[in-house]
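Visitor: First, the structure itself, so that you have it in front of you.
Throughout, read-outs are computed from the coordinates displayed, never taken from laboratory work. Because the structure is predicted, anything quoted here is derived from the model rather than measured. Please note: Cβ atoms are built from the backbone with ideal geometry, for glycine as well, and neighbour counts cover all protein chains shown.
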Amino acid sequence: MLVYACLILLPAAAALTFCDKETLLLFFDKIDLNKNGKVERTEADDVAKRIDVSNDTRITVDEAREALSAVEPRLKGKEDFLFNFFDLDKSGDVTSADVDAIFRLVDLDNDGANAKEEFLNFLEKICIF
Ligand SMILES: [Ca+2]
Ligand SMILES: [Ca+2]
Ligand SMILES: [Ca+2]
C-alpha cells in the first residue's frame with residue numbers, strides 16, 4: 001500500500017526512472033548561465049538552441065551525442081541518459097513541449113524559474129538513484 005501511495009503522488013507525465021544525479025546536477029549548473037542558482041526559461045532555451053544543431057527546434061539523440069559535450073566536456077558519455085531524461089513524453093526528440101512540461105513540474109513556487117532546490121525536489125520524486 002505504501003508503494004501505491006507513493007506512485008499516485010508522481011506527476012502523470014513522469015515515471016520512476018534510474019537517474020545519474022551527479023550528471024543531472026552538473027548539467028543544471030551548466031544551464032544556469034548567469035550562475036544565480038536558478039534555471040530561467042531563457043537559459044534553458046539558449047542551451048537547447050546550442051544543442052539543436054539543425055536549428056529545427058527539436059533535439060534528436062544524434063544532436064545530443066554531437067553537441068552536448070561542447071556545452072560541458074564532462075557530459076561526454078552521458079548524452080543518451082540526459083536525452084532520455086529530458087524527452088519526457090518519449091517522442092524520440094526533445095522539444096519545447098518537453099521543456100515546458102519539465103518547467104511546470106519543477107517550478108513548485110511558480111516564479112517562472114527552476115531553482116536548484118526545486119530541481120532536487122523533482123529528482124527525489126521521479127528518480128531511483
Ligand atoms: Ca539562472
Ligand atoms: Ca534539431
Ligand atoms: Ca519529446
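Visitor: Give LYS76/LYS125; LYS21/LYS116; LYS30/LYS90; LYS21/LYS78; LYS35/LYS125 a once-over and call out the pairs whose C-alpha atoms are over 20 Å from each other.
Guide: The pairs that break the limit, which is 20 Å between Cα atoms, are LYS76/LYS125; LYS30/LYS90; LYS35/LYS125.
Visitor: Starting with the fewest neighbours, write out ARG41, ARG74 ranked by other beta-carbon atoms found within 10 Å of each beta-carbon.
Guide: Starting with the residue having the fewest Cβ neighbours, the order is ARG74, ARG41.
Visitor: List THR17, THR95 from most exposed to least, where exposure is judged by having the fewest other Cβ atoms within 10 Å.
Guide: The most exposed by this proxy come first: THR17, THR95.
Visitor: Next question. On a full-extension model of 0.36 nm per residue, what is the gain between SER91 and ARG74, subtracting their alpha-carbon distance, rounded to one decimal in nm?
Guide: 3.5 nm
Visitor: Exposure proxy check: GLU43, GLU117 ranked by fewest other beta carbons within 10 Å?
Guide: The most exposed by this proxy come first: GLU117, GLU43.
Visitor: Now for a separate question. If the viscosity is 1.306 mPa s and the temperature 10 °C, what translational diffusion coefficient in µm²/s does Stokes-Einstein give for the range 18-128 when Rh comes from Kirkwood over Cα pairs?
Guide: 114 µm²/s
Visitor: Now for a different question. Please give the residues of the range 68-82, grouped as numeric ranges, whose backbone N is less than 18 Å from a label point set 7 Å along the Cα-to-Cβ vector of PHE18.
Guide: 77-82
Visitor: Once both axes come from the Cα atoms, what is the angle between helix 96-106 and the longest principal axis of the chain, in degrees from 0 to 90, rounded to 10?
Guide: Tilt of helix 96-106: around 40 degrees.
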